[in-house]
Amino acid sequence: MAEATMDANELAALKDAAKAFDRARMKQIGSFHFAMVMGALTMWGAAETWAQVTGWAVANFVAVANAVVAGVVISSTIHEWGHFTGARLSGSESPVFEKPKGHFFMFNFPIDQNDKEQFAWMSWGGILAPWVPVILALILLPFGTLSGQVLFATLVTRAVGAGAFEVPIVRAVAEGGEPSAELGKATTTGRLPWSRNVGNVAGAACFALVWLIV
């Protein structure tokens with residue numbers, strides 16, 4: 001009985017240590033992502049201020065370029081955290097990496113250790129999350145500036161592109177497909193570049209609409 005109790009205590013201690021280690025990795029990657037987002041926004045803000053103060057063409061070009069960078073960084077970061085949040089809410093196996101891969105990828109989702117419902121939660125988290133900065137941008141961005149319009153259009157581009165690629169996969173899995181097979185099919189059939197083009201068209205249309213309205 002004493003040995004069984006000791007084993008149970010050791011197991012509980014190991015689980016607590018694993019949770020603490022996981023939280024430490026989350027904080028580390030979260031700090032890195034926060035710094036990236038804040039840095040991108042600061043660079044855009046500084047460039048836009050430069051453009052407004054001087055009116056120089058080069059300053060406007062830099063402001064627009066930084067708006068695109070900020071839009072990509074913000075959307076990609078939120079997209080990844082959306083996937084992670086969906087995975088964790090469903091109780092999925094989703095170990096956090098020691099360091100982010102490709103700046104944004106922060107966790108592993110072993111498909112063979114998670115079921116289809118957990119895959120759906122993980123997927124929808126990443127599909128819906130990029131629309132949060134789009135909504136916030138509608139409220140907070142200065143649409144009277146060219147770079148503000150470009151930043152908004154970039155956020156829309158990324159959100160639409162993510163949905164165009166991932167929604168058909170989630171639907172196929174819900175209809176009986178296997179997650180790994182559907183992911184492989186989407187990749188080999190060229191759906192990723194197609195979804196990017198869809199996002200680009202949506203972003204361009206959004207930019208044109210905002211530009212006309214403002």
Exercise. Could you identify the single residue in GLY184, GLY199 that is of a type in the set (Gly, Ala, Ser), in contact with a helix residue (DSSP H, G or I) (Cβ under 9 Å, 6 or more places away or on another chain) and either more than 23 Å from GLY45 (Cα to Cα) or at pLDDT below 95 (or both)?
Key: GLY199
Quiz prompt | Members of the stretch 177-214 found to be assigned to a helix (DSSP H, G or I) and of a type in the set (Gly, Ala, Ser), listed by number | solution = SER180, ALA181, GLY184, ALA186, SER195, GLY199, ALA202, GLY203, ALA204, ALA205, ALA208
Quiz item: From the list GLU98, GLU93, which residue is in a loop (DSSP other than H, G, I, E, B), surrounded by fewer than 22 Cβ atoms within 10 Å (Cβ to Cβ) and acidic (Asp, Glu)?
Solution: GLU93
Practice problem: For PHE84, state whether it is crowded, with 21+ Cβ neighbours inside 10 Å, closer than 21 Å to PHE32 by Cα and not basic (Lys, Arg). | Solution: yes
Quiz item: Where residues in the stretch 188-212 are among the β-branched types (Val, Ile, Thr) and either surrounded by 12 or more Cβ atoms within 10 Å (Cβ to Cβ) or in contact (Cβ under 8 Å) with a residue 60 or more places away in the chain (or both), which of them is farthest from GLU166 (Cα to Cα)?
Solution: VAL210
Quiz item: Under 6 Å by Cβ, and 6 or more places apart or on different chains, what pairs join a residue from the stretch 175-187 that is closer than 14 Å to ASP112 by Cβ with one that is part of a helix (DSSP H, G or I) and β-branched (Val, Ile, Thr)?
Solution: PRO179/ILE111; PRO179/VAL173; SER180/ILE111
Practice problem: Taking only the stretch 33-63 into account, find how many residues are in contact (Cβ under 8 Å) with a residue 40 or more places away in the chain and either surrounded by fewer than 21 Cβ atoms within 10 Å (Cβ to Cβ) or touching a strand residue (DSSP E or B) at 6+ places or on another chain (Cβ under 8 Å) (or both). | Solution: 5
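The values are calculated or read from the model by the stated rules, or taken from the named source; none is laboratory data. Owing to the predicted nature of the structure, the values given are computational and were not obtained by experimental measurement. A quick note on method: Cβ atoms are made from the backbone with ideal geometry, for glycine too, and the neighbour counts reach across all protein chains shown.
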